[in-house]
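A short worksheet on the structure shown next.
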Amino acid sequence: MAKALLAQHALMLETLKDDKDRMEGLITLAIPAGIGPLFVTPQLLEFLQIFPKIEFELITLTSKAEEVFYNHPEKVVHVSIGYGVPGTGDIVSRYSGKMEFIPCCSPSYIKKHGHIVDPSECAVHTGLSYTGGTRTKTQELQNGGVVKQLKWKKSLSFQSLSDLKNACLLGAGIAGDIPLIHCIDELEEGKLVNVLRGWKRPAAGCYLYSTKHFVEYRRVKTFLDWMAEKHREILEQIDNRFGQLA
């Protein structure tokens with residue numbers, strides 16, 4: 001543990017040697033698994049067209065986005081992306097929109113087990129649950145002011161959202177909370193079906209985070225503001241696509 005902390009301190013000292021006004025150098029970015037193809041990589045390529053001397057290192061986020069600046073033992077993280085609340089203290093945040101969580105299953109599951117419209121029916125179905133560290137496990141759904149517990153006949157738990165979605169596509173059960181960004185394509189293509197209509201986990205705020213220290217660097221602050229705007233555009237487009245489905 002001491003060696004990891006010393007390594008982190010050495011990296012921090014190297015960062016402090018940088019010219020704060022230069023639009024060049026490394027930005028280490030922590031992101032949840034699975035969001036890269038739509039939500040990160042295309043935007044990084046676009047940003048690099050504008051600022052070609054920037055370098056990026058991407059690491060997988062395994063905790064809440066605002067916590068990674070303190071609990072990652074080997075890397076100095078400049079920016080993180082994830083669900084959360086506005087930053088406080090030394091944490092700086094940029095809000096980029098809200099993420100809806102959609103109860104889904106495959107058409108093959110419905111054909112075999114029937115449609116489901118109310119959480120009380122979950123007691124005779126198989127539930128697919130996400131238990132990764134980026135957010136809490138979904139244990140209840142809301143519809144207006146009504147809250148109902150999710151109680152499954154049996155449950156399959158996944159720490160990887162990609163694995164959960166693949167199991168859902170294969171007809172293994174009902175996922176109560178796939179983030180809309182991860183299922184909008186499959187919903188449009190008919191590979192997944194929105195069940196429990198009206199019932200869902202409350203939407204989560206999406207944020208980009210950094211620290212007061214790192215936003216003093218022009219490259220970090222420029223990227224933080226630029227990426228937040230790009231994400232606002234993407235989330236708005238996804239919401240509009242889902243609205244057309246509904």
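The table below gives the values:
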| read-out | value |
| --- | --- |
| FRET efficiency estimate (nearest 0.05) - Cβ-Cβ, Val147 to Lys75, R0 41 angstrom | 0.55 |
| Choice from Tyr109, Tyr83, Tyr130 with maximal GNM fluctuation in the chain (Cα, 10 Å cutoff) | Tyr109 |
| Expected 222 nm ellipticity per residue - DSSP helices of 4 or more, -39500 (n - 2.57), all of the chain, to 500 | -10500 deg cm²/dmol |
| Signed unit charges on C-beta, dipole axis of the chain, positive-most listed residue Val146, Ile27, Leu169 | Val146 |
| Net charge over other residues, Cβ less than 12 angstrom from the Cβ of Arg232 (K, R count +1; D, E count -1) | -2 |
| Only Lys, Arg (+1) and Asp, Glu (-1) charged, at Cβ; the range 101-194 dipole about Cα centre in debye | 380 debye |
| FRET efficiency, Asp21 to Gln237 (Cβ-Cβ, R0 45 Å, nearest 0.05) | 0.85 |
| Entries in Lys112/Lys154; Lys64/Lys165; Lys98/Lys230; Lys137/Lys230; Lys98/Lys148; Lys111/Lys137 that, when Cα-Cα distance is taken, lie over 24 Å | Lys137/Lys230; Lys111/Lys137 |
| Spin-label model distance (nm) - Asp185 vs Leu38, 7 Å beyond Cα toward Cβ | 0.8 nm |
| Calculated Rg and Dmax of the range 101-194 using C-alpha coordinates, Å | 12.3, 33 |
| The chain: most fluctuating residue of Glu24, Glu57, Glu236 per GNM, C-alpha cutoff 10 Å | Glu57 |
| FRET efficiency estimate (nearest 0.05) - Cβ-Cβ, Ser63 to Lys98, R0 25 angstrom | 0.75 |
| Spacing of the two label points (7 Å from each Cα toward its C-beta) at Gln244 and Asp118, in nm | 3.4 nm |
| Extension gain, Asp163 back to Ile50 (0.36 nm per residue minus Cα-Cα distance, nm) | 37.2 nm |
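All of the numbers you see were taken from the coordinates with simple rules; none came from a lab. Values in this document were obtained by computation on a predicted structure and should not be read as measured data. Every residue, glycine among them, receives a Cβ derived from its backbone with ideal geometry; neighbour counts consider all protein chains shown.
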